[in-house]
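Take a look at the structure below.
What follows is calculated from the coordinates using simple rules that are stated; it is not laboratory data. These numbers come from a predicted model, not from an experiment. Cβ sites come from the backbone with ideal geometry, for glycine too, and all protein chains shown count toward neighbours.
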Amino acid sequence: MDFFDVLQSRRSIRNFANRPVEQDKVRAVLEAANSAPSAGNLQAYEIYLATRKEDRTMLARAALEQWFIAEAPIALVFCTNPERARRYGKRGAERYALQDATIACTFAMLAATALGLSTVWVGAFDDDSVRRIIKAPSTETPVAILPIGYPAESPEKTPRRPLADLVHEV
């Protein structure tokens, strides 16, 4: 799929088909995330792959009962790893690690779309509960949960702000 077609076809999907995601596609999504740029190439993030229904159900509960997380065949949890960015001090730990995790999640989201899969970015959840479910150390902060699967819905494109309202020339 052409890159601009990927951008135009991506939708936030909250209704997933009861169909597993092939392992080669899971790997391709993870490799895309791993190819994301990062501050100083420190890659100050971690990715947790939730494939078990029980884990996705617990993640859904921790995410304010967003049950579509449990319905997706897989979910990725992106966390900051501030220790990897310590070379940049406080700014690295607080900002660069967060940026690295969000860029990696975006790459995963776009790769999934290019492969015919669907996702939705989930940012509403209890950090401590998610950390406990994925068994992440207390030094890592969950940033996003990305359920991935085949869509069971086809929502229309949502309106976007006009560039004249969004872009400010300086």
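The fewest-to-most ranking of 145, 134 by surrounding Cβ atoms within 10 Å reads 134, 145. Considering only 154, 129, 35, the Gaussian network model of the chain with Cα springs below 10 Å gives its largest mean-square fluctuation to 154.
Taking a threshold of 28 Å on the Cα-Cα distance, which of the pairs 53/135; 53/157; 25/157; 25/135 fall above it?
Working: 53/135 16 Å; 53/157 30 Å; 25/157 25 Å; 25/135 25 Å.
Over 28 Å Cα-Cα: 53/157.
Test of understanding: what is the full-extension gain from residue 132 to residue 167, defined as 0.36 nm times their sequence separation minus their Cα-Cα distance?
Numbers: separation 35, 0.36 × 35 = 12.60 nm, distance 4.04 nm.
Going from the current span to full extension adds 8.6 nm.
From the P(r) of the chain, could you give the percentage of C-alpha pairs in the tail past 26 Å? Everything past 26 Å amounts to 31 percent. With neighbour counts taken as other beta-carbon atoms within 10 Å, the residues 61, 132 rank, fewest first, as 132, 61. Taking the centroid of alpha carbons for each part, the range 135-166 and the range 41-71 are 13 Å apart. Over all distinct Cα-Cα pairs of the range 103-154, the Kirkwood formula returns a hydrodynamic radius of 12.3 Å. With neighbours defined as other Cβ atoms within 10 Å of a residue's Cβ, the residues 49, 166 order from fewest to most as 166, 49. The protection proxy used here, the mean number of other Cβ atoms lying within 10 Å of each residue, ranks peptides 103-115, 14-26 as follows, highest first: 103-115, 14-26.
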